[in-house]
1. Tell me the residue from LEU91, LEU118, LEU102, LEU72 that is closer than 22 Å to LYS209 by Cβ and either in contact with a helix residue (DSSP H, G or I) (Cβ under 9 Å, 6 or more places away or on another chain) or among the hydrophobic types (A, V, I, L, M, F, W, C) (or both), please.
2. Need pairs with beta-carbon distance below 6 Å; first residue farther than 30 Å from LEU129 by Cβ and β-branched (Val, Ile, Thr) and within the range 42-63, second in a loop (DSSP other than H, G, I, E, B) and open to solvent by less than 70 Å² (accessible area, probe 1.4 Å); sequence gap 6+ or separate chains.
3. Within the range 105-126, can one find any residue that is closer than 30 Å to ARG22 by Cα and at pLDDT 95 or above?
4. Among the residues of the range 67-77, are any closer than 30 Å to ASP28 by Cβ, open to solvent by 30 Å² or more (accessible area, probe 1.4 Å) and modelled with pLDDT under 90?
5. Under 8 Å by Cβ, and 6 or more places apart or on different chains, what pairs join a residue from the range 180-198 that is free of Cβ contacts under 8 Å to residues at least 40 places away in the same chain with one that is among the aliphatic types (A, V, I, L, M) and surrounded by fewer than 20 Cβ atoms within 10 Å (Cβ to Cβ)?
6. Let me confirm something: among THR122, THR136, which residue is among the polar types (S, T, N, Q) and closer than 30 Å to LEU11 by Cβ?
7. May I ask you to list the residues in the range 78-87 that are in contact (Cβ under 8 Å) with a residue 60 or more places away in the chain and open to solvent by less than 20 Å² (accessible area, probe 1.4 Å)?
8. Just need a number here: residues in the range 116-154 that are in contact with a Ser or Thr (Cβ under 6 Å, 6 or more places away or on another chain) and open to solvent by 40 Å² or more (accessible area, probe 1.4 Å).
Amino acid sequence: MKNVVVIDHPLVQHKLTFLRDRTTGTKDFRMLLRELAMLMAYEVTRDLPLEEKQIETPVAKMTAKVLAGRKLGIVPILRAGLGMADGIMDLIPAAKVGHIGLYRNPETLLPQDYYHKLPPDTSERDMILVDPMLATGGSAVVGINVLKEAGCKTVRLMCLVAAPEGLKAMYEAHPDVTIYTAAIDSHLNDHGYIVPGLGDAGDRIFGTK
């Protein structure tokens, strides 16, 4: 799909392997997730515009480049997305942070928005929606709906692992949104888990089951 970018940098792939490993404990899982999010954010922000600025080094005056004032925002989907937000903020400390909370409706089995708090100037920002897993795609689709309804015109989705089913659902609902992932896995199992995946990201981040 044209709207999918697989980040295959050796450091990203190396860290993802240890993140997947079932023997990786909670502390190391959190650290790896934070590092991966920061590394992936380099690729997600590759096309940010630059402008020239006059500065003076200890040796001479020069024309250098700085970001052209583009406003950015980070929006983790609760709860697993929280594990990625800090890594991105390490790289982009000036970004504003919103939150979107979703739960699965027991009757329809579809994700429902139960909470969202977004920056007041969301419509003026390029937003990065973050969630470690893109499984069925339901949560990502709803999250992007929330952002677009708030007036956001540019949304990027960043996840660690994606399933073909989730990519298809995203493309059908939001073909204008670019998806950045470290891996496209085989399929979803009968319980909706990505295979081979990395298990339940939220449980592994927070040590719950």
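The values are calculated or read from the model by the stated rules, or taken from the named source; none is laboratory data. Nothing here was measured: the structure is a model prediction, and the numbers come from that model. Cβ: placed from backbone, ideal geometry, glycine included. Neighbour counts: every protein chain shown. When the accessible area is computed, the model is the full protein with side chains, heavy atoms only, and any ligands, DNA or RNA have been set aside. Shrake-Rupley method; radii C 1.70, N 1.55, O 1.52, S 1.80 Å.
1. LEU102
2. Qualifying pairs under 6 Å: none.
3. Checked the range 105-126: no residue is closer than 30 Å to ARG22 by Cα and at pLDDT 95 or above.
4. no
5. Listed pairs, sorted by first residue: ASP185/VAL195; SER186/VAL195; HIS187/VAL195; ASN189/VAL195; VAL195/LEU188.
6. Of THR122, THR136, the one residue that is among the polar types (S, T, N, Q) and closer than 30 Å to LEU11 by Cβ is THR136.
7. Those that are in contact (Cβ under 8 Å) with a residue 60 or more places away in the chain and open to solvent by less than 20 Å² (accessible area, probe 1.4 Å): ALA80, GLY83, MET84.
8. So the answer is 1.
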